[in-house]
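The values are calculated or read from the model by the stated rules, or taken from the named source; none is laboratory data. Predicted model, so just to flag it, every value in this text is computed and none were measured. Reconstructed Cβ throughout: ideal geometry from the backbone, glycine too, with neighbour counts over all protein chains shown. Side chains included, ligands, DNA and RNA excluded: accessible areas come from the protein's heavy atoms. Shrake-Rupley method; radii C 1.70, N 1.55, O 1.52, S 1.80 Å.
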Amino acid sequence: MSSTPESAETTEPASKSKKKVSTQRRVISWVFIAILLGVVLLEWRAKSSQAKTFESLGAAMDEAGNSGEFPFAQFEETVQGNPDVDVDESGAIMRLYHYKWNGIFKTYHLRLLVNDEDLVVTYDTEPEGETVNGMRRISKKNLEELVQKNKQEVTAQKAESKPVSETPVTETPAKKETSEKEAAAPKDE
């Protein structure tokens, strides 16, 4: 039994050569993955901080009951993350607090109206607008214009309808004419 040299060569497993990935390519891949994870983490943190703050704000409003107002200091304790805060004090009665959580791709907003007694009145998540949750603020300038307009209307109404005591009397009282029968009638004493 002779063995052929061809059969010995075919029984050996064919060794495949592996391509080695360069160290430089691995480093670049891991840096890219780290950057991607950092971006996702920053975006998630901004969104979750805004969402948790919004939830705690809703819970505080529910606890407030019928009045629907609660102390602003209580809200400040529940703010999550590190939002940017803009305060607009141009309102006559209410201040507008605008909180912004900045993500990489999106900015998350929360706006509050706080009255002069430092109570949170209403809130929403709109980026901007004249109203907050349907409530319009009256600016100091508009309030002054409104007050001046009302004063003018009141003075105009007073001029149109003066009371009877203030109107000058120009007529002389009517003379009583007594009829002849009344004069001739005897008076009861």
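Binning all Cα-Cα separations of the range 50-94 at 5 Å, short to long from zero, yields these whole-percent fractions: 5, 19, 23, 22, 21, 10, 0. Multiplying the residue separation of A59 and E128 by 0.36 nm and subtracting their alpha-carbon distance yields 22.5 nm.
The listed residues K149, K158 rank as K158, K149 when sorted by accessible area, largest first, using a 1.4 Å probe.
When W101, W30 are compared by accessible area of protein heavy atoms, the largest-first order is W30, W101, using a 1.4 Å probe. Label separation (L143 vs K158): 2.3 nm, computed from points 7 Å beyond Cα along the C-beta direction. Label positions at D118 and V21, each projected 7 Å from the Cα along the C-beta direction, are separated by 5.8 nm.
Of the residues S90, S49, S67, the one with the largest accessible area comes first in the ranking S67, S90, S49, computed with a 1.4 Å probe on protein heavy atoms.
Sequence-ordered 3J(HN,Hα) estimates for the range 95-100 from the Karplus curve with 6.51, -1.76 and 1.60 and θ = phi - 60° stand at 9, 10, 9, 10, 9, 10 Hz, glycine and proline given as x.
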